[in-house]
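Following: one structure in structure tokens, then a few remarks.
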Amino acid sequence: MNQTILPKIPLGHWADLFVQFITDHFGMFFGSLANGIEAFVGGLVTFFNIITPIPFILVFVFIAYWRRGWTIALFTLLGLGLIYDLGYWQHTMQTFALVVTSVLLSIIIGLPLGILAGVNNPFRKFITPLLDLMQTMPSFVYLIPAIFLFGTGMPPGVVATIIFAMPPTIRMTSLGIRQVPEDLIEASDAFGSTPWQKLIKVQLPISMPTIMAGVNQSIMLALSMVVVASLVGAPGLGADVYLAVTSLRTDIGFEAGLAIVIIAIMLDRLSQNTRRHK
Amino acid sequence: MSKIEVKQATKVFGKNPKLGLSYLKKGLTKSEIKKKTGMNVGVSNASFQVEEGEIFVIMGLSGSGKSTLVRLLNRLIEPTSGTIAIDGQDITLMNKKELRDTRRRGISMVFQRFALFPHRSILENVAYGLEIQQVDKKERLEKAAKALEIVGLKGYEESMPDQLSGGMQQRVGLARALASDTDILLMDEAFSALDPLIRKDMQDELLDLQSEMHKTIVFITHDLDEALRIGDRIALMKDGRIVQIGSAEDILMNPANEYVENFVEDVDMSKIITAGRIMSRAEAIQVDRGPRVALKIMSDDGISSIFAVDKTKKFIGVIHAEDAANAAKEEQSSRSIVKKVEPVTMDTRLTDLFELISKSTLPLPVIDDMGRLRGLIRRPAVIQALAGNLPSQRSEVK
């Protein structure tokens, strides 16, 4: 690195100290958080395994038919069938559990933050640059503190995925809330709604399509993180791809990559908010 | 006690409303304050009262502050200064809960762009006010269905707002406001987004509803015709100030200043002027008196027919000179020769009079609410009034 006339600001050192400080003082907390995440994802994987592949596929085919019609249902049937046939079922379920957990937590954390940003301008101004940072910082960087705080395996993968995948949910929720027409807010106020009633009965339902677009993006971003998450030992399809890259196995790389694509398309279509007209 | 009493209400929009207020007190105008501080004076020192059961119209062009003023009445916009009393309670002093209660049970509102909730069915829209008051589901849906019936939308309960035409949507807006059964109804340009024919229908319907419900209605409009049609009293606004308050006739006949005068000069007088305003004294005979008396009066006045009334001055009909002469010969009573004729009421509009008088050879008798003869209208009076020549004020009979 070039040495300039000015002394280098020890920004990296500070980041290091900060993570060190957190590890020293809140290690217990993050440790139990990691255990919680581990248990939840593990539980999901076990649950998927109990269901066994065939009923699992049928349930998703049914959901696809109900939400989007028979073309997507057919795609789901063939796609999941192919994954099963290729022998990636177990890893796909692990990836699926990782994505579901990350997205659920993204929504649980992101929705309230998004609502707050939607109704409170100072908070929105505060959180916007943070969201920019979260989305543009190379996702690998999250992995380093995540390892310190959460160890290796599924939990740091989930946490890095949440950080990367959550911003669209927050942004779109905030946008949706702010896009509710002013006269509907006035109508709600004029009839004497409490802020909570206004939120539940007017703002959230009306901004739901926008919020769902955000959740859909979060799901896509979560899927794009599975390979990165495998770097810290998160099991699943990402690990297969990682293995394929490091051992130059085209076959595994193609099959596992295709499985990720199938899951991505399926989840994208199922989470898109288009009402099916009868 | 007036239902609504507004005293010196002022709203300044901007960073430092108190500063704007002090400039206003020094007598600066809205545009001077805008230039000096960049702040916008929405409403400046507005004072008025609305009585129970009255339709009070606030009228002005866009930017005159009328929409701001109506929002001060339920504090959708916080006033910068002044007091606003509803049933004697100053709402500017209320805390959030008291204000919510007033909005729930005291004042409801109808909006220009309908403001229906797009994700709720028509019935659920109408029930909204009751829902947030936590009225139980069965009861609130019943009340909502009733309100829908009142506005003539029975059968549309399960439709969604976007399936209805503009006129129907605004009926839903009205039903939603009626469902809460509040005494006060604020209507912010409620009919302005509708096309003219439907607007007329809605105005008529509002008047019909009002004659049954006796709400206190504050109606905002930029349309003078609308204001004159439905307003018991009208407040004219300009640049955030109330320029004049009065009945339709007050404003038309005695404009407070040049602004009002310019405003009202294009008004179609035929819709404003009533029979009571242009009628002249009617000669009448008490029907129990004989036909000879009738003949005598007619020949004295040089007329060929005369109106007949009973002892209480109630209008009965008309007696023609020929019939009276025959009756006098044959010794009949006056009552037997009275011919029926349709009278008009004092508040019949000039437009309607014109049509009636063009069909009739006789002058039109004018009666009051009790059915008593108050005057008559001859054809020249109608034509003169249409031409803008009104008889001097208070030429009313007795």
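Is it the case that B:Ala177 is touching a residue at least 24 places away in the same chain (Cβ under 8 Å), open to solvent by less than 60 Å² (accessible area, probe 1.4 Å) and touching a helix residue (DSSP H, G or I) at 6+ places or on another chain (Cβ under 7 Å)? Answer is no for this residue.
For the range A:238-258, the set of residues classified as touching a helix residue (DSSP H, G or I) at 6+ places or on another chain (Cβ under 6 Å) and open to solvent by 80 Å² or more (accessible area, probe 1.4 Å) consists of A:Tyr242 only.
Of the numbered conditions (1) polar (S, T, N, Q); (2) open to solvent by 60 Å² or more (accessible area, probe 1.4 Å); (3) more than 14 Å from chain B (Cβ to nearest Cβ), A:Gln179 fails exactly one; give the number of that condition. The one condition A:Gln179 does not meet is (3).
Scoring B:Ala193 on the criteria (1) surrounded by 21 or more Cβ atoms within 10 Å (Cβ to Cβ); (2) within 14 Å of chain A (Cβ to nearest Cβ) leaves a single failure, condition (1). From the list B:Met187, B:Met202, B:Met213, the lone residue that is of a type in the set (A, V, I, L, M, F, W, C) and open to solvent by 20 Å² or more (accessible area, probe 1.4 Å) is B:Met213. The residues on offer are B:Leu194, B:Leu206, and the sole one that is of a type outside the set (Val, Ile, Thr) and at pLDDT 90 or above is B:Leu206.
Where residues in the range A:222-237 are of a type outside the set (Gly, Ala, Ser) and more than 23 Å from A:Pro168 (Cα to Cα), which of them is most open to solvent (accessible area, probe 1.4 Å)? Quick ask: steps written out before the conclusion?
So in the range A:222-237, the residues of a type outside the set (Gly, Ala, Ser) come out as A:223, A:225-228, A:231-232, A:235, A:237.
Subsequent filtering for residues that are more than 23 Å from A:Pro168 (Cα to Cα) retains A:231-232, A:235, A:237.
Numbers: A:Leu231: 70, A:Val232: 7, A:Pro235: 53, A:Leu237: 1 Å².
For the range A:222-237, the residue satisfying everything is A:Leu231.
For the range A:34-66, a residue qualifies if it is surrounded by fewer than 16 Cβ atoms within 10 Å (Cβ to Cβ) and within 25 Å of A:Gly233 (Cβ to Cβ), and the qualifying residues are A:Asn35, A:Gly36, A:Ala39, A:Gly42, A:Gly43, A:Thr46, A:Phe47, A:Asn49, A:Ile50. Among helices (runs of 4 or more DSSP H) entirely within the range A:137-243, having at least 3 residues that are within 14 Å of the chain's Cα centre (by Cα) singles out A:154-179, A:204-224, A:226-230. Picking from residues in the range A:182-210 that are at the interface with chain B (Cβ under 7 Å from one of its Cβ atoms) and among the aliphatic types (A, V, I, L, M), the one that is nearest to B:Ile107 (Cα to Cα) is A:Ala190. Exactly one residue among B:Ser67, B:Ser81 is in contact (Cβ under 8 Å) with a residue 12 or more places away in the chain, among the small types (Gly, Ala, Ser), under 23 Å from B:Leu206 (Cβ atoms) and open to solvent by 20 Å² or more (accessible area, probe 1.4 Å), and that residue is B:Ser67.
Test B:Ala235 against the stated conditions and say whether it is outside any helix (DSSP H, G or I), touching a strand residue (DSSP E or B) at 6+ places or on another chain (Cβ under 6 Å) and open to solvent by 40 Å² or more (accessible area, probe 1.4 Å). No: the conditions fail for B:Ala235. Of the residues A:Asp189, A:Asp251, the single one that is of a type in the set (Asp, Glu) and out of contact with any Leu (no Cβ under 9 Å at 6 or more places or on another chain) is A:Asp251.
Whenever a residue of the range B:241-257 is free of Cβ contacts under 8 Å to residues at least 12 places away in the same chain, its partners that are among the acidic types (Asp, Glu) and surrounded by fewer than 17 Cβ atoms within 10 Å (Cβ to Cβ), lying with C-beta atoms within less than 6 angstrom and at least six residues away or across chains, give the pairs B:Pro255/B:Glu261. Within the range B:72-98, the set of residues being at the interface with chain A (Cβ under 8 Å from one of its Cβ atoms) and either under 23 Å from B:Met39 (Cβ atoms) or out of contact with any strand residue (DSSP E or B) (no Cβ under 7 Å at 6 or more places or on another chain) (or both) comprises B:Leu76 only.
Inspection of the range A:149-171 finds no residue satisfying the criterion of being within 27 Å of B:Asn74 (Cβ to Cβ), more than 14 Å from every other protein chain (Cβ to nearest Cβ) and surrounded by fewer than 21 Cβ atoms within 10 Å (Cβ to Cβ). I'd like to verify a number: residues in the range B:123-166 that are in a helix (DSSP H, G or I), over 24 Å from B:Ile107 (Cβ atoms) and of a type outside the set (D, E, K, R), how many? Counting residues in the range B:123-166 that are in a helix (DSSP H, G or I), over 24 Å from B:Ile107 (Cβ atoms) and of a type outside the set (D, E, K, R) gives 2. The set of residues in the range B:1-59 that are polar (S, T, N, Q) and open to solvent by 50 Å² or more (accessible area, probe 1.4 Å) comprises B:Gln8, B:Asn16, B:Thr29, B:Ser31, B:Asn40, B:Asn45, B:Ser47, B:Gln49.
Restricting attention to the range B:280-318 and to residues that are in a loop (DSSP other than H, G, I, E, B) and of a type in the set (Val, Ile, Thr), the residue that is farthest from B:Asp368 (Cα to Cα) turns out to be B:Ile303. Residues in the range A:182-202 that are under 20 Å from A:Gly110 (Cα atoms) and open to solvent by less than 30 Å² (accessible area, probe 1.4 Å): 2 in all.
Checking the range B:319-336 against the condition returns a match, with at least one residue being surrounded by fewer than 14 Cβ atoms within 10 Å (Cβ to Cβ), free of Cβ contacts under 8 Å to residues at least 24 places away in the same chain and part of a loop (DSSP other than H, G, I, E, B). Which of the residues belonging to the range B:92-121 are under 26 Å from the mean Cα position of the chain (by Cα), farther than 21 Å from B:Val57 by Cβ and buried (at least 19 other Cβ atoms within 10 Å of the Cβ)? Residues satisfying the conditions are B:Thr102, B:Arg103, B:Arg104, B:Leu116.
When residues in the range A:67-110 are screened for being open to solvent by less than 40 Å² (accessible area, probe 1.4 Å) and either of a type in the set (S, T, N, Q) or touching a residue at least 40 places away in the same chain (Cβ under 8 Å) (or both), 20 of them pass. The residue that is most open to solvent (accessible area, probe 1.4 Å), among those in the range B:358-369 that are part of a loop (DSSP other than H, G, I, E, B) and modelled with pLDDT of 85 or more, is B:Pro363. Among the residues of the range B:110-150, not one is of a type in the set (Gly, Ala, Ser), away from every other protein chain (no Cβ under 13 Å) and in contact (Cβ under 8 Å) with a residue 40 or more places away in the chain.
The values are calculated or read from the model by the stated rules, or taken from the named source; none is laboratory data. Worth saying up front: this structure is predicted, and the values here are computed from it rather than measured. Cβ sites come from the backbone with ideal geometry, for glycine too, and all protein chains shown count toward neighbours. These accessible areas exclude ligands, DNA and RNA; they are computed on the full protein's heavy atoms, side chains included. Shrake-Rupley method; radii C 1.70, N 1.55, O 1.52, S 1.80 Å.
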